[in-house]
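Student: Can you keep this structure in mind? I'll have questions shortly.
Derivation of every value follows stated rules applied to the coordinates shown; laboratory data play no part. Values in this document were obtained by computation on a predicted structure and should not be read as measured data. FYI the Cβ positions are ideal-geometry reconstructions off the backbone, even for glycines, and counts take in every protein chain you see.
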Amino acid sequence: MTTKEEIKAEIDSLNEEYLNELYLLIKDFAQSKQQPKKASFMSKLKQIKIEAPENFAAHLDLYVDG
């Protein structure tokens, strides 16, 4: 018996009063698996590209003040 068949057999054995609750659980589970994962803060920071001279950090005050 496949997993899908086992799940269907368990559903068939449930009382009707529990089916709506089960449906909501299954729906929430399916939606959570379909949504793309949010990128973490650190992964977003890694995407930032700064184009500056090699001595930019050492002489930041010169670049800011002009």
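Student: Starting at the first residue of the range 17-31, write each ³J(HN,Hα) from the Karplus equation 6.51 cos²θ - 1.76 cosθ + 1.60 with θ = phi - 60°, in whole Hz, x for Gly and Pro.
Tutor: Karplus values, whole Hz, x for Gly and Pro: 5, 9, 5, 5, 5, 5, 4, 5, 5, 5, 5, 4, 4, 5, 5.
Student: Starting from the chain, pick out the chymotrypsin sites (Phe, Trp or Tyr not before Pro) whose DSSP state is loop and whose Cβ has at most 13 other Cβ atoms within 10 Å.
Tutor: Loop-located and lightly packed - Phe56.
Student: Per the Kirkwood treatment, what hydrodynamic radius in Å, one decimal, follows for the chain from the mean inverse distance over all distinct Cα pairs?
Tutor: The Cα-based Kirkwood calculation yields 17.6 Å.
Student: Right, next: Using a Förster distance of 30 angstrom, determine the FRET efficiency expected from the C-beta separation of Gln35 and Phe56, and round it to 0.05.
Tutor: Once the sixth-power term is evaluated, E becomes 0.15.
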